[in-house]
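Encoded as structure tokens, the structure appears first; notes follow it.
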There are 6 protein chains.
Amino acid sequence: EPNRPDSWLPTLQTDTPEQGFELAVKLSRMGVKTTQPDIDALKQGRRQYAKDPDALIDASKVIAVHFSTIAAANDYWRDE
Amino acid sequence: EPNRPDSWLPTLQTDTPEQGFELAVKLSRMGVKTTQPDIDALKQGRRQYAKDPDALIDASKVIAVHFSTIAAANDYWRDE
Amino acid sequence: EPNRPDSWLPTLQTDTPEQGFELAVKLSRMGVKTTQPDIDALKQGRRQYAKDPDALIDASKVIAVHFSTIAAANDYWRDE
Amino acid sequence: EPNRPDSWLPTLQTDTPEQGFELAVKLSRMGVKTTQPDIDALKQGRRQYAKDPDALIDASKVIAVHFSTIAAANDYWRDE
Amino acid sequence: EPNRPDSWLPTLQTDTPEQGFELAVKLSRMGVKTTQPDIDALKQGRRQYAKDPDALIDASKVIAVHFSTIAAANDYWRDE
Amino acid sequence: EPNRPDSWLPTLQTDTPEQGFELAVKLSRMGVKTTQPDIDALKQGRRQYAKDPDALIDASKVIAVHFSTIAAANDYWRDE
């Protein structure tokens with residue numbers, strides 16, 4: 001069953017490292033959303049952790065793990 | 001002794017990245033369930049951490065580690 | 001000096017992904033046991049963290065790191 | 001759609017390991033900035049965590065994850 | 001300047017996965033010792049965290065990261 | 001622009017695993033220093049976390065991530 005046309009994650013390929021970083025941010029946020037689908041609760045939570053340095057560093061760590069996956073998926077955009 | 005027919009994890013292969021992400025979420029939850037098999041305690045715990053931004057970020061980190069494994073297992077769905 | 005016959009970790013090879021996940025759980029628990037060999041203290045500790053969502057997520061994270069090692073060791077059970 | 005000329009992340013390639021480490025620091029900080037774009041809040045946060053040993057270690061952990069990605073992207077600067 | 005004869009880490013190669021796990025435990029402890037060389041402080045610290053489930057899980061996580069390195073270094077003991 | 005002669009990180013290559021571990025410790029500390037360049041604040045911080053078992057384990061975790069990078073960069077010192 002191939003990709004649903006409206007899939008939020010059709011591919012891991014991106015043209016540039018910057019787009020790869022944006023995809024890593026998106027994956028990190030989807031990881032939170034799958035656990036807490038309630039948008040209001042999410043927004044309230046983001047306001048809270050956006051002022052908490054430890055939480056900001058933790059969020060950056062999740063992005064770093066996803067970015068290493070996306071970078072490998074794009075062979076580190078070597079042929080750039 | 002090949003896969004039991006009713007195995008919850010028959011393969012790491014998925015058709016699409018989105019299904020790969022869903023499998024990573026499933027693996028993360030199984031990791032919690034193996035430690036705390038009591039469903040009620042689990043549900044009570046999820047209600048609790050679903051309102052805690054730090055816990056939500058941590059849950060997203062576990063998904064990120066599993067997603068990197070699934071993505072490598074599917075060669076990053078390159079031939080998509 | 002090859003494997004002691006009664007080694008608790010004779011190999012990283014498993015027939016199926018599900019067995020691979022079980023081995024990852026075992027490795028995570030051995031990691032705790034090497035630091036705290038006292039069984040009673042361990043059991044008391046498990047009762048405690050089994051009710052703590054943050055600890056459950058953290059335990060799932062250790063399993064995720066070991067699972068990525070076991071999956072790579074079994075070439076992601078690709079020929080399944 | 002190739003790199004925007006003013007992209008903040010045109011490539012993962014660096015001439016030297018030291019530049020690779022600097023890029024890993026930059027990526028870690030961008031991970032924080034995408035979650036908290038408000039510069040004042042960021043500066044206030046940095047003053048706070050710069051005095052907190054746990055947060056400093058955590059920040060170093062994010063840099064370590066990004067550095068492993070950049071090092072792999074540059075084939076560990078082997079031909080240095 | 002080859003290995004000092006009395007090096008505590010002459011090689012990453014081990015005969016068996018079990019020895020590989022023991023080496024990962026040793027590396028994790030050396031990581032603590034390089035930061036806190038004072039043996040008494042270390043022992044006092046270990047007594048403390050050996051009763052703290054969160055710390056025990058964290059210690060297991062460090063072992064998991066080192067184990068993935070040692071397993072790769074030994075090509076997952078495939079020819080076992 | 002090749003390595004500055006006085007670069008603190010001219011290469012990831014080391015002769016032995018033990019030197020590789022020392023480089024991983026150095027990288028972990030540089031990760032802290034880039035965030036907190038003030039030496040006194042750093043020293044004060046180290047005295048603090050050197051008595052805190054959780055922080056010591058966390059510091060060991062950062063070393064473990066860097067060590068996996070250095071080990072891969074040296075092909076696990078296989079030809080040792």
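Taken together, the values in this text are just the output of simple stated rules run on the coordinates, not laboratory data. Small disclaimer: the values here were computed from a predicted structure and weren't measured. Methodologically, a virtual Cβ is constructed for each residue, glycine included, from the backbone with ideal geometry; neighbour enumeration extends over all protein chains shown.
Just to confirm a number: summing +1 for Lys and Arg and -1 for Asp and Glu over residues other than E:LEU56 whose beta-carbon lies under 13 angstrom from that of E:LEU56, what do you get?
In short, +1.
For helix F:53-73, what angle does its Cα long axis make with the longest principal axis of chain F, in degrees from 0 to 90 and rounded to 10?
20
Would you mind checking the tilt of helix B:17-35 against the longest principal axis of the Cα atoms of chain B, expressed as 0 to 90 degrees and rounded to 10?
That helix lies at roughly 50 degrees to the long axis.
Partner chain Cβ atoms within 10 Å, averaged over the residues of A:4-12 - can you pull that number for me?
4
State to the nearest 20 debye the size of the charge dipole of the protein assembly as shown about its Cα centre, where the only charges are +1 on K and R beta carbons and -1 on D and E beta carbons. Please list the in-between numbers first.
On the way: 60 positive and 78 negative charges, 464 e Å.
In total the dipole reaches around 2220 debye.
Counting only helical runs of four or more DSSP H residues, what would the 222 nm mean residue ellipticity of the protein assembly as shown come to if each run contributes -39,500 (n - 2.57) and the total is spread over all its residues?
-21500 deg cm²/dmol
With point charges of +1 on the Cβ of Lys and Arg and -1 on the Cβ of Asp and Glu, referenced to the Cα centre of region C:1-43, which listed residue (C:SER28, C:TRP8, C:ILE39) lies farthest in the positive direction of the dipole?
Farthest towards the positive pole: C:ILE39.
Give B:LYS51/F:LYS51; E:LYS26/F:LYS26; B:LYS33/C:LYS26; E:LYS33/E:LYS61; C:LYS61/F:LYS43; E:LYS26/F:LYS61 a once-over and call out the pairs whose C-alpha atoms are over 21 Å from each other.
Listed pairs above 21 Å: B:LYS51/F:LYS51; C:LYS61/F:LYS43.
Take chain D, connect every pair of alpha-carbon atoms lying under 10 Å apart with a spring to form a Gaussian network, then pick out the residue of D:ALA59, D:ALA41, D:ALA24 with the largest mean-square fluctuation.
The residue with the greatest mean-square fluctuation here is D:ALA41.
Averaged over peptide D:37-47, how many Cβ atoms belonging to another chain are found within 10 Å of each residue's Cβ?
Across D:37-47, the average partner-chain Cβ count within 10 Å equals 2.
How far is helix D:39-49 tilted, in degrees, relative to the longest principal axis of the Cα atoms in chain D, given as a value from 0 to 90 rounded to the nearest 10?
80
How high is the relative contact order of chain F, in percent, counting Cα pairs under 8 Å that sit 6 or more residues apart?
Relative contact order of chain F: 49 percent.
For region E:2-78 and region A:1-68, what is the centre-to-centre distance using only Cα atoms, to the nearest Å?
So the separation of the two Cα centres works out to 32 Å.
Determine the dipole magnitude for chain A: charges of +1 sit on the beta-carbon of Lys and Arg, -1 on that of Asp and Glu, nothing else is charged, the reference point is the Cα centre, and the result goes in debye to the nearest 20.
Working: 10 positive and 13 negative charges, 79 e Å.
In total the dipole reaches around 380 debye.
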